[in-house]
Amino acid sequence: MITDNDIKAQVEQELLWDARINPSHIGVSVNDRVVTLSGFVHAYSHKLHAERDAQCLAGVLGVANDIEVRPHSRLDAEIAHDAIAAIALQLPVSSKTIKVIVEHGHVRLEGTVDWNYQREHAQLALRHVHGIRSIESAIDISHKAIPADIKARIQAALKRSALIEASGIKVEADGDAVILSGKVRSWTERDEVERAAWMAPGITAVTNQLQVGN
């Protein structure tokens, strides 16, 4: 049975192995196989990389990411300008309906898009914009779901995926919202199930209650 100390050592080693980040100011603690990351980094992307590094390790049941982003000082107007350009590069058409608001380095995205992948890509586009402390997405999805076949579409997508063991996963649809429950083998599989659910047309919310374990 893997212990909390084993997991702590593995997370620390994984952070040192990841050349994308500098873990010298990142603290790691583990309680009942749940990892808490603390300290600070200088870029928002580094915070996300550290979280992913911890999630991918065997034995980890959850990750609380309390890492603070302390970027080198930049004007909000400069951040907003770069954020708008980054989103436009990723989404040349739908970026016109997305509004970027920046306050003290904290970015909020507003507006509407037709599909969830557009909402996700807008956030992904900002990961490497210098000066961002956090990103909040308040983008709405305007495309309407067809409740009758949402559940069937998602279940079929799960069965098609080579990365997912679908037998232990339960899918419930309520209008344009989906609830996932059951058990998966890893955090990677958990994320893949949620990604598959979001691919259904018109979905506006996915509640992921999947548990990671054997």
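The values are calculated or read from the model by the stated rules, or taken from the named source; none is laboratory data. Predicted model only: the values in this text are computed from it and were never measured. Every residue, glycine as well, gets a Cβ built from its backbone with ideal geometry; the counts of neighbours run over all protein chains shown. With ligands, DNA and RNA removed, areas are computed over all heavy atoms of the protein, side chains included. Shrake-Rupley method; radii C 1.70, N 1.55, O 1.52, S 1.80 Å.
The table below gives the values:
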read-out	value
Unit charges on C-beta of K, R, D, E only; dipole of the chain, Debye	420
Per-residue [θ]222 nm for the chain (sum of -39500 (n - 2.57) over DSSP H runs n ≥ 4, rounded to 500)	-11000 deg cm²/dmol
Solvent-accessible area of S29 with every protein chain in place, 1.4 Å probe, in Å² to the nearest 10	60
Amide hydrogen neighbours beyond the local backbone of L163, cut-off 5 Å, H modeled	none
Charge-dipole axis of the range 37-193 as Lys and Arg at +1 and Asp and Glu at -1 on Cβ define it, positive-most pick from I87, L61, S45	L61
K151 accessible area, 1.4 Å probe, all protein chains in place, Å² to nearest 10	80
Relative contact order for the chain, counting Cα pairs under 8 Å that sit 6 or more residues apart, in percent	15
Cα shape, the range 1-65, gyration tensor, a/c 1.5 rule	prolate
The range 53-128 - percent of accessible surface contributed by carbon and sulfur, probe 1.4 Å	55
Within straight-line cross-link reach of K99, aspartates and glutamates at Cα separation under 16 Å, skipping those fewer than 8 residues along the same chain	D76, E78, D82, E110, D114, E120, E136, D140
Residues of the chain: accessible area per residue with a 1.4 Å probe, Å²	55
Which of V113, L15, S137, positive extreme of dipole for the chain (C-beta unit charges)	V113
Pairwise label distance in nanometres, S38 with E194, each label 7 Å out on the Cα-Cβ vector	2.4
Within the range 83-162: Cβ-based charge dipole about Cα centre, in debye rounded to nearest 20 (Lys, Arg +1; Asp, Glu -1)	300
Spatially proximal lysines relative to K96 (Cα-Cα < 24 Å; intrachain offsets below 8 disregarded)	K144
